[in-house]
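So the structure is just underneath, and the comments pick up after that.
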Amino acid sequence: MNDQKKILLIIGGGIASYKSLDFIRRLKEKNFEVRGILTRAGEHFITPLAVASITGNSVPTDLFDPENEAHFSHIELARWADLIVVAPATADFLAKAATGLANDLASAIILATTSKVVFAPAMNVRMWENRATQINIERLKSYGYEFIGPTHGSMACGEYGMGRMLEPVDMVAEVERRFDLPFERKYRAIVTSGPTREAIDPVRYISNHSSGKQGSEIANALYEKGFEVVFIAGPGSALPQAGMEIIHVNSANEMLNAATSSLPADVFVSAAAVSDWKIAEYTDHKLKKKNQSQGLKLSFVQNPDILQVISKDKKNRPRLVVGFAAETNHLKANAIKKLEKKGCDWILGNDIGEETDTMGGDFNEILFLSRTENDKWPRMSKKEVGARLADRIYQYINSEGT
Ligand code: CTP
């Protein structure tokens with residue numbers, strides 16, 4: 001690389017900071033020039049000496065250090081970088097950046113820079129899910145900051161969930177992609193995921209066991225491929241990494257509205273396990289039981305078929321519409337019927353029989369069907385299914401789809 005790109009890494013104070021030295025090493029292997037600075041909290045985990053040794057550059061730590069300021073001021077550092085990566089970005093640092101505080105070196109640089117800034121959050125799942133953190137993230141995004149991750153996984157604190165920083169190898173790929181312009185998210189995908197919930201009365205509902213894991217992995221993989229992704233999440237659906245637009249819905253009707261109002265798009269992936277039925281007459285008060293011998297009769301009406309509505313949309317049909325066929329028997333025959341009836345382009349048939357552990361589990365076995373193809377994929381993780389599907393979608397959209 002003649003035009004060596006300059007990365008300023010701001011290392012925050014989280015246990016994930018142990019990954020930062022490996023991250024720097026890998027960036028340097030790719031011929032990036034790297035400077036590192038540590039927040040005060042970061043210094044509790046990694047020493048400036050370690051960062052200086054691996055970057056080959058001095059590591060200023062104090063905004064008010066006269067020597068640093070005279071040598072390479074925070075404004076110069078802010079200007080020097082082609083890209084600033086904050087990793088790990090703690091909840092505290094995100095809050096600071098979101099409010100525009102500049103009372104230490106790292107936050108002053110964020111406020112002073114005109115370069116692109118990407119945050120790689122890492123924190124405990126509860127801190128990640130906390131409304132305050134999510135509002136800070138929304139605000140930072142609205143200012144034009146970008147996010148890498150986090151992802152799901154087990155955490156140093158022993159919990160499991162969203163909030164894990166990406167692995168250094170994936171972080172480097174994200175950095176490289178930001179220089180690999182034109183990397184504008186020129187294609188748009190909508191992914192529905194998880195179950196829907198149909199209310200019976202204010203306290204009860206019918207739903208299903210869908211975890212939304214497959215949908216969220218598809219969204220992640222499409223996002224990694226460079227799609228702009230709108231993720232429509234049924235209640236309790238696993239959520240994809242930050243950076244996507246997420247619309248939370250409950251019922252099938254809400255999901256349909258969210259999907260149609262997110263059009264136009266290049267791709268629609270209908271991974272949600274939409275409830276086929278809703279209660280014919282919703283009761284606006286809690287249904288009371290009467291005497292014990294009396295049962296309860298509920299009547300249902302059919303929900304709209306979202307996949308079918310989108311496939312048959314005359315005005316805004318995406319170039320590629322992908323559905324799933326969740327079957328407990330006659331997988332292939334039923335999947336072919338669904339492909340025809342719903343008018344989508346591809347169907348991913350999957351066996352959801354009890355013994356398969358597909359619903360809620362981490363693995364899936366896909367029968368891929370299009371009008372010309374019939375391809376059985378080996379059993380693989382939902383993440384791998386997401387990656388494989390995203391590859392195919394990208395190829396399709398980027399070639400014949402144009
Ligand atoms: N789907 C949808 N809206 C519905 C029902 C299903 O968008 N009301 C979509 C699902 O997201 C999936 C595909 O249609 O992509 C097939 O869903 P599936 O549950 O396998 O089949 P159903 O259409 O519900 O048919 P059946 O219950 O008879 O198998």
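Quick grid of which residues meet (1) surrounded by fewer than 22 Cβ atoms within 10 Å (Cβ to Cβ); (2) in contact (Cβ under 8 Å) with a residue 40 or more places away in the chain:
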residue: 67; (1), (2): yes, no
residue: 71; (1), (2): yes, no
residue: 83; (1), (2): yes, yes
residue: 86; (1), (2): no, yes
residue: 109; (1), (2): no, yes
residue: 116; (1), (2): yes, yes
residue: 125; (1), (2): yes, no
residue: 138; (1), (2): yes, no
Candidates 361, 386, filtered to the one that is more than 19 Å from residue 274 (Cα to Cα) and outside any strand (DSSP E or B)
386
I need every pair where a residue in region 24-44 that is farther than 27 Å from residue 92 by Cβ has its Cβ under 8 Å from the Cβ of a residue that is of a type in the set (Asp, Glu), sequence separation at least 6 or different chains.
30/176
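Could you please find all residues in region 139-154 being in a helix (DSSP H, G or I) and closer than 19 Å to residue 216 by Cβ? Quick ask: steps written out before the conclusion?
Narrowing region 139-154 to residues in a helix (DSSP H, G or I): 139-142.
Passing the criteria: only 141.
If we keep just the residues of region 313-332 that are within 12 Å of the ligand (Cβ to nearest atom) and more than 24 Å from the chain's Cα centre (by Cα), which is surrounded by the most Cβ atoms within 10 Å (Cβ to Cβ)? Spell out how you get there, then give the answer.
Residues of region 313-332 that are within 12 Å of the ligand (Cβ to nearest atom), as a first pass: 321-331.
Restricting the remaining residues to those that are more than 24 Å from the chain's Cα centre (by Cα) gives 327-331.
Values: 327: 18, 328: 11, 329: 8, 330: 10, 331: 20.
For region 313-332, the residue satisfying everything is 331.
Within region 178-196, restricting attention to residues that are touching a helix residue (DSSP H, G or I) at 6+ places or on another chain (Cβ under 9 Å) and not aliphatic (A, V, I, L, M), which residue is modelled with the lowest pLDDT?
Step one: of region 178-196, the residues touching a helix residue (DSSP H, G or I) at 6+ places or on another chain (Cβ under 9 Å) are 183, 185, 187-194, 196.
Retained after the next criterion (residues that are not aliphatic (A, V, I, L, M)): 183, 185, 187-188, 192-194, 196.
Working: 183: 50, 185: 78, 187: 92, 188: 96, 192: 98, 193: 98, 194: 97, 196: 98.
Filtering first and then ranking leaves 183.
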Can you tell me which residues in region 333-362 are within 10 Å of the ligand (Cβ to nearest atom) and of a type in the set (Gly, Ala, Ser)?
335, 349
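Yes or no: residue 255 surrounded by 15 or more Cβ atoms within 10 Å (Cβ to Cβ), more than 14 Å from the ligand (Cβ to nearest atom) and under 22 Å from the mean Cα position of the chain (by Cα)?
It is false that residue 255 is surrounded by 15 or more Cβ atoms within 10 Å (Cβ to Cβ), more than 14 Å from the ligand (Cβ to nearest atom) and under 22 Å from the mean Cα position of the chain (by Cα).
The values are calculated or read from the model by the stated rules, or taken from the named source; none is laboratory data. Model, not experiment: these values are computed from the prediction. Here Cβ is always computed from backbone atoms with ideal geometry, including for glycine, and neighbour counts include all displayed protein chains.
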